[in-house]
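What follows draws every value from the coordinates through simple rules; no lab data is involved. Note that the structure is predicted; figures quoted are calculated from it, not measured. Cβ sites come from the backbone with ideal geometry, for glycine too, and all protein chains shown count toward neighbours.
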Amino acid sequence: MAGNSKLHIAMFPWLAFGHMIPYLELAKLIAQKGHKISFISTPRNIDRLPKLHPSISPLITFVELSLPQVENLPKDAEATTDLPYDKVPYLKQAYDSLKEPMSKFLESCDDLDCVLFDFVPYWLPDVATSLGIPNVIFSIFTAAALSCVKPASVIDDRSKPEDFTCPPKWVTFPTTVAFRLFEVLRIFNQSLDANVVSDLYRLQEGMKCCDMIAVRSCVEFEPEWLHLLEEIHGKPVIPVGVLATTEYDIGEENQTWRSMKDWLDKKKQGSVVYIAFGSEAKPSQVELTEIALGLELSGLPFIWALRKNRGSVDTELIELPEGFEKRTKAQGLVCTSWAPQLKILAHDSVGGFVTHSGWSSVVEALQHARALILLTFLADQGINARVLEEKKMGYSIPRNEKSGYFTRDSVAESLRLVMEKDEGKVYRDKAKEMRPLFVDKDRQDKYVEKLLDHLRSHGRIKKIKSCQHSELNPNLLSFKHRQVLSLSSPPATMKLENNKDNSKTQTLKHGQKTLLLHSIANYLENTGGFSKTLKKFESEAKFEKDDLGDDSLIDLEEVFCKFFKTSDATSKKIESNQVQDTQMNGVTKKKKKCDTDDIKNQLRAGDKVNNSESVEEIITNDIVATEVKSKEKKKKKRIYDSHGQEEQDNAEALKEPADNGAGESPDKKHKDKKKKSNLETES
C-alpha cells in the first residue's frame with residue numbers, strides 16, 4: 001500500500017465515555033491527515049459525543065447500531081454512565097448482541113482497510129479475519145495494565161487474591177507495579193451470572209486473536225512496559241501517543257461554567273483542589289462522608305464534581321454529610337450536574353486533582369500540570385496508581401490494605417501534603433516536568449503517523465486487476481490477506497506481453513506450480529507476514545504500477561509466470577551472491593550462496609513431477625518441513641522493537657533452492673539440506 005494512500009478505518013469502542021472519547025481523539029487526528037473513519041456506536045452515545053470541527057467532519061462518519069434490549073438492562077441505558085456498576089455486565093451482554101449487525105457492516109465495506117476495536121468485543125477478530133480485514137485491539141489502558149494480563153503463551157498459576165499483589169512472573173524487570181489487596185478483592189468479589197463473560201477473558205482473547213495491539217501511551221512514558229508487551233504477545237505493539245483531550249469550542253458557555261469561572265477567578269493561583277471520579281467510579285456512602293469531611297478539615301478551596309447516583313435506576317443515592325455545603329459555602333463548590341472538567345483543570349487557580357486514577361483523567365490533569373492525589377476504586381485504576389507512585393507523579397491517600405478504608409484525617413493530610421508542604425513539592429514539580437510530554441502536538445503527530453504506517457504495511461491487501469482479466473480462469477491460485485487459497489483445478493493458459501508476438505501464451509507446468517508453492521512457504525517462514533511476501537513476489541515479477549488495478553484478486557500464478565519471463569527468458573545462469581551475517585550464540589556465520597542452478601534444474605524437470613501427488617499434498621508436506629526448519633531458525637522470526645519498528649529477515653526465499661524431485665519426502669529433503677549446511681560451515 002503506497003505511503004501516501006488514503007485509508008478507511010473502522011473504530012468500535014466500548015460503550016463508556018472514558019473509552020469513546022480517546023477513540024474519537026484518535027479518529028480526529030487520523031481524519032486531519034485525510035483518511036476516512038467509520039465511528040461505530042449506538043444512537044444515544046453518538047448524540048452525546050463532542051461536536052467535530054467542520055474541517056474534519058466530512059471524513060468521520062458515525063455509524064449507528066441499535067443496542068438490543070436484554071433482560072435486566074434498564075431502558076435507554078447505552079453507556080456505563082447510564083446505570084449502576086452492578087448492571088454494567090448486562091450492557092456488555094447487549095453489546096455482544098451487536099456481533100451480527102457489526103459483521104454485516106464490515107462485510108458491506110469493500111474499501112475498509114482495518115478495524116480498531118476495544119477490549120469488550122472479544123469476538124471481533126474472528127469476524128474480521130473471516131472477511132480478510134486486519135484488526136487491531138486499541139486499548140485505552142496503559143501498557144503496564146495490559147502487561148498484567150496473562151498472555152496466551154504463559155501458564156498463569158495465580159489463583160488467590162494475594163497472588164495478584166506482586167508483579168506477574170513474566171515481568172522481567174524490577175517494579176512495584178501490582179494491585180493492592182483491597183483492589184484485588186473488589187475485583188474477585190464481583191458476582192457474575194453464569195452466562196456473563198468476564199472482562200479478563202475478553203481482554204485475553206482480544207490480545208491473543210488480534211493482528212496488532214495499539215496502546216494509548218508513548219515510549220517516553222513507559223518504554224519497559226511497551227517492550228514487555230511485545231515480547232509476551234509476539235506481535236506488533238504500537239503506541240499511539242497519549243491522545244490529550246481536545247474540545248472544539250463552538251462559542252457557547254453554559255451558566256454552570258460561568259459561575260465556576262467567576263468563583264475560580266477570585267482564588268489564588270494553584271490553590272484550588274478539583275475532585276472528580278469519572279463516569280463509572282462511585283464512592284460508597286462511608287467513603288463519600290470521609291472525603292467530604294477530609295476536604296473540610298484541609299481548609300483548602302475546592303470544586304467537587306459529585307455524582308450522587310448512576311442513571312435513573314440507581315436507587316442507592318449517596319448524600320453529603322448534614323450541613324456540609326452550608327459550612328463550606330465560602331470554601332468550595334459542589335457540582336452535582338455535568339461539570340466541564342477540561343475547563344476547570346485548565347484554570348490557573350487549580351493546582352491539584354483528587355482522581356480515581358482513570359487513565360483519561362490522568363492525561364487531562366497532566367496536560368495542565370496538575371498534581372495528582374490518587375483514590376482508586378476499580379478495574380485498571382490500581383495499576384495506574386502504582387505506575388504514577390513509582391514515577392513520583394502521584395500520591396495515594398493512605399488506606400487499610402485489606403478493606404481499602406480511609407479516614408477524613410488521611411484525606412486532609414494528603415491534600416495538604418501535595419498542595420502545600422515541602423515534602424509534596426516533588427509531586428508538584430513532577431507534574432510540571434511531565435506536562436510537555438502530554439501536550440506535544442508534534443510528538444503526538446509522529447505517533448499517529450507510525451500507526452498509519454503499520455496499518456498501510458499490514459493492511460487489507462487490495463485486489464489486483466489482471467491486464468487480461470477476461471481471459472483468466474477464476475480458479476487460479478489466488479492470494480488473499482491471511483490465507484492462501486490453492487485450488488487443484490488445471491492451470492489456466494494466459495497471455496503474456498511479448499514485443500514480438502502478443503498472442504504468445506505460456507502455462508505454468510506442474511513442477512513450476514509446485515515451486516511456486518514452495519516459494520510461498522519458504523518466504524512466509526522467513527518474513528512471517530503475507531504483506532511482505534506479496535511485495536516480494538511483485539518485486540521479483542517487476543510489475544509496474546500501471547499493471548495493477550483494484551477490482552480483482554491478486555493472481556500469484558500470473559505473477560510467477562512474469563517472474564519466469566523477466567528472470568529466466570534467456571536461459572542464462574543467474575547468480576545470487578547473497579551473504580547475510582547472523583548472530584547465533586555469539587558466533588557470526590555466513591549464509592551459503594544461493595545458486596539458482598538448482599531452480600533451473602527444477603524448472604527443466606517440471607514435467608517429471610509425479611502428477612499423482614496433489615498440490616494440497618505438496619503444500620502439507622512442505623509446511624511440515626518448514627515447521628521443523630523454523631525451530632532451528634528462531635533468529636529469523638520477525639520481531640518488533642518498543643518503537644513499533646520492524647526488524648525482518650532479509651533472506652530472499654524466492655531465490656532459495658527448493659528440491660522438487662519426484663518421490664522424495666520432505667523429511668529427507670530437510671535432513672539432506674541440514675547436512676549440506678553443516679559440511680559447508682565446517683569447511
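Rounded to the nearest Hz, the phi-derived 3J(HN,Hα) couplings of segment 331-347 under the Karplus curve 6.51 cos²θ - 1.76 cosθ + 1.60 (θ = phi - 60°) are 8, x, 10, 10, 10, 9, 10, 4, 10, x, 4, 4, 5, 5, 5, 6, 6, where x marks glycine and proline. With a/c under 1.5 counting as rounded, go ahead and sort segment 65-224 into rounded, prolate or oblate using the C-alpha gyration tensor (a ≥ b ≥ c being the square roots of the eigenvalues; past the cut-off, prolate if a/b is larger than b/c, else oblate). Taking the square roots of the gyration eigenvalues as a ≥ b ≥ c, segment 65-224 is oblate. Going by a ≥ b ≥ c, the root eigenvalues of the Cα gyration tensor, does segment 255-439 fall in the rounded group (a/c under 1.5), the prolate group (a/b larger than b/c) or the oblate group? Judged from the Cα gyration tensor, segment 255-439 comes out rounded (a/c under 1.5). Mean projection of the Cα convex hull over all viewing directions, computed for segment 265-361: 6.4 nm².
Return the whole-Å distance between the Cα centroid of segment 306-346 and the Cα centroid of segment 436-457. One Cα centre to the other: 37 Å.
Between residue 137 and 117, 211, 212, 214, the built amide H atoms are under 5 Å apart, and every one of these is 5 or more places off in sequence or on another chain.
This ranking places 123, 304 by how few other beta-carbon atoms lie within 10 Å of each, fewest first, which gives 123, 304. For residue 266, neighbours were defined as the other residues whose beta-carbon sits under 15 Å from its Cβ, and their charges (Lys and Arg +1, Asp and Glu -1) total +2.
Checked against a 29 Å cut-off, the cross-linked pairs 51/261; 150/308; 28/432; 308/421; 51/425; 87/432 give Cα-Cα distances beyond that limit for 150/308; 308/421; 51/425; 87/432. Net charge dipole, segment 355-418: roughly 100 debye, given to the nearest 20, about the Cα centre with Cβ charges of +1 for Lys and Arg and -1 for Asp and Glu.
Put in line by how crowded their Cβ is, counting other Cβ atoms within 10 Å and starting with the fewest, 118, 156, 314 read 156, 314, 118.
Counting neighbouring Cβ atoms within 10 Å and putting the fewest first, the residues 148, 166 line up as 166, 148.
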